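Note sheet for the following structure.
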Amino acid sequence: AQKVTQAQTEISVVEKEDVTLDCVYETRDTTYYLFWYKQPPSGELVFLIRRNSFDEQNEISGRYSWNFQKSTSSFNFTITASQVVDSAVYFCALSEVNTGGFKTIFGAGTRLFVKA
Amino acid sequence: AAGVIQSPRHLIKEKRETATLKCYPIPRHDTVYWYQQGPGQDPQFLISFYEKMQSDKGSIPDRFSAQQFSDYHSELNMSSLELGDSALYFCASSLLTSGRRPQETQYFGPGTRLLVL
């Protein structure tokens, strides 16, 4: 069965600190996609990144970076030099290509507070 | 770039009433998904449509039904509303580029916030 675990319920940091959001997933499918979405206080879900199961290259996009490790079934997200505008709930999500149908399974989310 | 459009953005209903939520996918996207997000919870998959046919079904109550129309927009119909139906309802869309398997990212609309009193 597919499952996404975000063990950190809430994280609070001071502006300019680096912060890492953890994500661990479970799947029996050999082909799958992992995602991170951001949900700011306004409520919309903003797509941040998609990674497929065959591509373990880490990715950096500005202050964001992602570390995908298949060996530990983890897809962690790091924000460097955090800013107040980064305050949001961040969801890690999984979509199984062969066995998961059309659904995307979300983790419980990590609420990030960035204080000025 | 055009995004997913949902209407209405906010809706207040009383118990046992009905509600219809609308979703207009990103142009040329052929797949629509509906998710329900309760307060403080993660989005839960309800149902999806590909080329106007139901493609997958999740934890959607029997009181809810949905369809995708010829112009690819979708409507989620909710009847006999209960207090527990109060939630944020997201629609997402994607374009299937590889057969009938979902290969592409789902892009979410802004959501419809439903409050049942």
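The values are calculated or read from the model by the stated rules, or taken from the named source; none is laboratory data. All figures in this text were calculated on a predicted structure; none of them were measured in a lab. Cβ sites come from the backbone with ideal geometry, for glycine too, and all protein chains shown count toward neighbours. Heads up: the accessible areas ignore ligands, DNA and RNA and are worked out on the full protein's heavy atoms, side chains in. Shrake-Rupley method; radii C 1.70, N 1.55, O 1.52, S 1.80 Å.
Taking only protein heavy atoms into account and a 1.4 Å probe, give the accessible area per residue of chain A in Å².
47
Computed with a 1.4 Å probe on the full set of protein chains, the accessible area for A:F35 sits at about 10 Å².
Looking at chain A as a GNM with Cα springs under 10 Å, which of A:K103, A:K70, A:K16 has the largest mean-square fluctuation? Ranking A:K103, A:K70, A:K16 by mean-square fluctuation puts A:K103 first.
Interface residues of the range B:55-75, defined as a loss of at least 20 Å² in heavy-atom accessible area between the chain alone and the complex of all protein chains with a 1.4 Å probe, are B:S55, B:D56. Working note: Debye formula, equal point scatterers on the alpha-carbon atoms of chain A, no solvent; log10 I(q)/I(0) at q = 0.11, 0.19, 0.23 Å⁻¹ is -0.34, -0.96, -1.34. The trypsin sites (Lys or Arg not before Pro) of the range B:1-107 that DSSP puts in a loop, and whose beta carbon has at most 12 other beta carbons within 10 Å, are B:R9, B:K15, B:R16, B:R28, B:R100.
In plain terms, the C-alpha convex hull of chain B casts an average shadow of 6.9 nm² when viewed from every direction.
Global size of the protein assembly as shown: 17.7, 51 Å for Rg and Dmax (C-alpha atoms, Rg to one decimal, Dmax whole). GNM remark for chain B: springs join alpha carbons under 10 Å apart, and the peak mean-square fluctuation among B:P43, B:P27, B:P61 falls on B:P61.
Buried area at the A:B interface is about 1900 square angstrom, summed over both chains, from accessible surfaces computed with a 1.4 angstrom probe.
Legend: residues in the range A:25-70 shielded by at least 10 square angstrom of accessible surface upon adding the remaining protein chains to the isolated chain (1.4 Å probe, heavy atoms) are A:Y33, A:F35, A:Y37, A:Q39, A:S42, A:G43, A:E44, A:L45, A:F47, A:R50.
On chain A, 49 percent of the accessible area sits on carbon and sulfur atoms, based on a 1.4 Å probe.
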